[in-house]
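Before any comments, here is the structure.
Readers should treat all values here as calculations from the given coordinates under stated rules, not as data from a laboratory. Bear in mind that the values here come from a model prediction, so they are computed numbers and not experimental data. FYI the Cβ positions are ideal-geometry reconstructions off the backbone, even for glycines, and counts take in every protein chain you see.
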Amino acid sequence: MHDLGFFLAKPGAMARIPHLLLVSREKQFDADAPRLDDLLGVLLIFEYRAMGWGTGAFATNDRSGRSTLLALPGLEQKVAALAVQALVQRGAQVVLASYRHESRIGDSAAHALDQPPLQVPDGEKRRARWVTRDRAINGYLPLEATYDATLAKIGQRTRSNLRYYRRRAEKQLGCIFSPAIEITREELLKLNGECMYAVPASVAAWRYDSLKELSVPLLMGLKDREGRWLSLLGGRRYGGWSEILWQMNREGYATDSLSTVMRSYFIEHEIAQGSTRLYIEGGTPQPIRFSFVEEKLIDLAVVRCSAVGWLMSRLVRHTISPDNELAKMLNGKDLGWQDC
């Protein structure tokens, strides 16, 4: 959970309240002064908020699963189940915990929980319904010892585009890459307004301000021969890996593929810094994703068997984006929901 402050402050479509759940091997656990040797794992999850109040609907906030759950080896599922159980026992109505699993899709190791995430004594009414599923995501691009060696393992078309659009930008636009730039907040906000897919000013301001929350922030840029900013990239470096957090490209250069040009420079620069993996926050729709190593995530969803739980699940279905994993789980058919 490197750079946790960045992810806690990340803007979203709905306001969220962060909760950090600690799972211990000891019954008498002092959360104010925890002993790390007692911890089995932790889960970071967010409660959706409406009009300043918690809704009882919880979901993890990181599609990659890297900033969601930490657990001792082999205990990921147990920690997730215990944390979700604690939330439901404390009044949660809808919960989705998505977390990484070390095995790959197709491995023979079963991911099903050994027992339901909520234990109900015999004779009592069922209290919730639950289901798990696994899914694959495009995790990261392996970075080899050199730029050419890295490109050699990327698809031929993507490899050609990375080289072609970079040479073209250098020749036609006089493109100059700066791996560490200085820019004022006002300049970044101005460029955002002149960009393709401009984000709200509040989000652009957060991008600038959040750099100070990162242990090793990266802010890179491309300028044309007149000295105008063409593209900016914000990222971070941690644990020998590099990650693109956001990118903004000036409007009017769609045929120049500034995003591809910047990624070409970024990959080469980060290899020179010793990075061995490239992550892209939120993923990417570009074909380079097909060269990423596939990683496995597990989704654990629980809905309380109550009128409020039914109402909350209906609200979630209709108020958050359809591509949100919680909405997909609630709307999914034939997932094999079970009672507990």
In region 181-238, trypsin sites (Lys or Arg not before Pro) in a DSSP loop with at most 13 other beta-carbon atoms within 10 Å: 225, 228
Net length gained if the chain between residue 294 and residue 9 were fully extended (0.36 nm per residue, minus Cα distance): 99.8 nm
Flagged links, alpha-carbon separation over 24 Å, of 171/223; 171/212; 190/223; 10/190: 171/212
Loop sites in region 1-94: trypsin sites (Lys or Arg not before Pro), DSSP, at most 15 other Cβ within 10 Å: 25, 27, 35, 90
Loop-resident sites, region 174-244, for chymotrypsin sites (Phe, Trp or Tyr not before Pro), counting at most 10 other Cβ within 10 Å (DSSP): 197
Average Cα contact separation per residue, the chain, under 8 Å, 6 or more apart, as relative contact order %: 24 percent
Calculated log10 I(q)/I(0) by the Debye sum over Cα atoms at q = 0.15, 0.16 Å⁻¹ (choose from (i) -1.36, -1.61; (ii) -1.12, -1.21; (iii) -1.30, -1.40), label: (iii)
Potential lengthening between residue 36 and residue 152 on full extension [0.36 nm per residue; Cα-Cα distance subtracted]: 37.4 nm
Theoretical ellipticity at 222 nm over the chain - DSSP helices of four or more residues, -39500 (n - 2.57) apiece, nearest 500: -8500 deg cm²/dmol
5 angstrom amide H check on residue 246, placed H, neighbours 5+ away: 234
Ranking of 232, 70 by count of other Cβ atoms within 10 Å, fewest first: 70, 232
Least to most buried among 216, 131 (fewest other Cβ within 10 Å first): 216, 131
Distant-in-sequence amide H partners of residue 144 (H built 1.01 Å from N, under 5 Å): 150
Efficiency of FRET between residue 224 and residue 134 - r from beta-carbon atoms, R0 45 angstrom, step 0.05: 0.45
